[in-house]
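Reviewing the structure listed below.
The values are calculated or read from the model by the stated rules, or taken from the named source; none is laboratory data. Predicted, not measured: the structure shown is a model, and the values here were computed from it. Note: ideal-geometry Cβ built from the backbone for every residue, glycine included; neighbour counts use all protein chains shown. Side chains included, ligands, DNA and RNA excluded: accessible areas come from the protein's heavy atoms. Shrake-Rupley method; radii C 1.70, N 1.55, O 1.52, S 1.80 Å.
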Amino acid sequence: MRYFLGLAYLGTAYHGWQRQPNAVSVQEKIEEVLTRLLQQNIEIVGAGRTDAGVHAKQLFAHFDADVILDAEEIKFKMNSMLPKDIAIIDIFEVRLDAHARFDALSRSYEYHVIQHKDPFVLDKAFYLKKDLDIAKMNEAAEILRTYTNFKCFSKSRTDVKTYNCKIESAVWKRSGNLLVFYITADRFLRNMVRAIVGTLLEIGQGKSSVENLHEIIKSEDRGRAGTSVPAQGLFLTEIKYPKIAVA
């Protein structure tokens, strides 16, 4: 049988989602607990690979196992055994060919920036004490929707077949003490959101112009885009699937 896991985690203590040979990952922790509980070797496939220090408010993964008679009991036991910074939200059966990564229709991220020092959110936001022109940042963010090739925002030496992504929405908004960048696309390249945010923040500070963003994207050169912002401000917030994925 195939099952989907809905989960959330604070990524501060982990070297990203994907299992690593010499570092602790979220995938590793979940696989270890599932293997112990179900008494069979379990390997899980995540909907994406968050980098070291990045958080997830919602992420899905799938795994194959013998019939689970009581998913609620397994969820309860998993949450009891997992570290406090990883939470299992749901476990449900799906079709045998359902895939957490390839079936996803869209993914949404938030990036949190704080401009006034707040010790309660500093480990989950980028502290930037600079004046920012939000209107220009949103003007530039709107330009992103008119392009598909985002090689300029991709981490170098990334093994992908295409750098094309369809960005559905990208906007900056104030949320209390936070300045939040919201972005949704069908897929994202490695380091893409953090590179986009870094580029837009440079525009907001007057270090670059809205018009220059066109040239940056057309160049397909990572060196032309802004510096990637720190990982701690990035959250994967939503992944959408077609309803047919459910068994």
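Quick notes on this structure:
- Partner aspartates and glutamates for Lys29 [C-alpha distance under 13 Å; skip if fewer than 8 residues away on the same chain]: Glu43, Asp85
- In this simple spin-label model, placing a label point 7 Å from the Cα along the Cα-to-Cβ direction at both Met1 and Val24 gives a separation of 3.2 nm.
- Multiplying each eigenvalue of the alpha-carbon gyration tensor of the stretch 56-129 by 5 and taking the square root yields semi-axes of 34, 18, 7 Å, largest first, rounded to whole angstroms.
- Taking the average, over residues, of other Cβ atoms within 10 Å as the packing measure, peptides 138-144, 5-11 rank 5-11, 138-144 from highest down.
- Per-residue ellipticity at 222 nm, computed for the chain from helices alone with -39500 (n - 2.57) per DSSP H run of at least four residues, works out to -7000 deg cm²/dmol.
- Computed from Cα atoms alone, the Kirkwood hydrodynamic radius reported for the stretch 129-247 is 15.0 Å.
- The stretch 124-247 - charge dipole about Cα centre, Lys and Arg +1 at Cβ, Asp and Glu -1, debye rounded to 20: 440 debye
- Coordinate range of the alpha-carbon atoms in the chain per principal axis, descending: 58, 41, 34 Å.
- Measuring spread by the Cα atoms of the stretch 18-158 yields a radius of gyration and Dmax of 19.2, 56 Å.
- Alpha carbon convex hull of the stretch 22-68, volume per residue in cubic angstrom: 93 Å³
- Counting protein heavy atoms only, the stretch 109-175 has 49 percent of its accessible area on carbon and sulfur, 1.4 angstrom probe.
- The stretch 50-93-the stretch 187-247 distance, computed between alpha-carbon centres (Å): 28 Å
- Efficiency of FRET from Cβ geometry, Ser106 and Tyr127, R₀ 30 Å, rounded to 0.05: 0.50
- Our summary gives the stretch 17-121 a relative contact order of 24 percent, counting only alpha carbon pairs under 8 angstrom and 6 or more residues apart.
- In this structure, the pairs whose alpha-carbon distance is over 25 Å, taken from Lys129/Lys155; Lys130/Lys218; Lys130/Lys151; Lys166/Lys240, are Lys129/Lys155; Lys130/Lys218; Lys130/Lys151.
- The chain - accessible surface per residue (Å², probe 1.4 Å): 51 Å²
- Dipole in debye (nearest 20) - the chain, about Cα centre, beta carbon charges: Lys, Arg +1; Asp, Glu -1: 620 debye
- Peptides 162-171, 196-205 ranked from most to least packed give 196-205, 162-171, packing being the mean of other C-beta atoms within 10 angstrom over each peptide's residues.
- Percent breakdown of C-alpha pair distances by 5 Å bin, ordered from the shortest bin, for the stretch 112-190: 3, 13, 20, 18, 17, 16, 9, 3, 0
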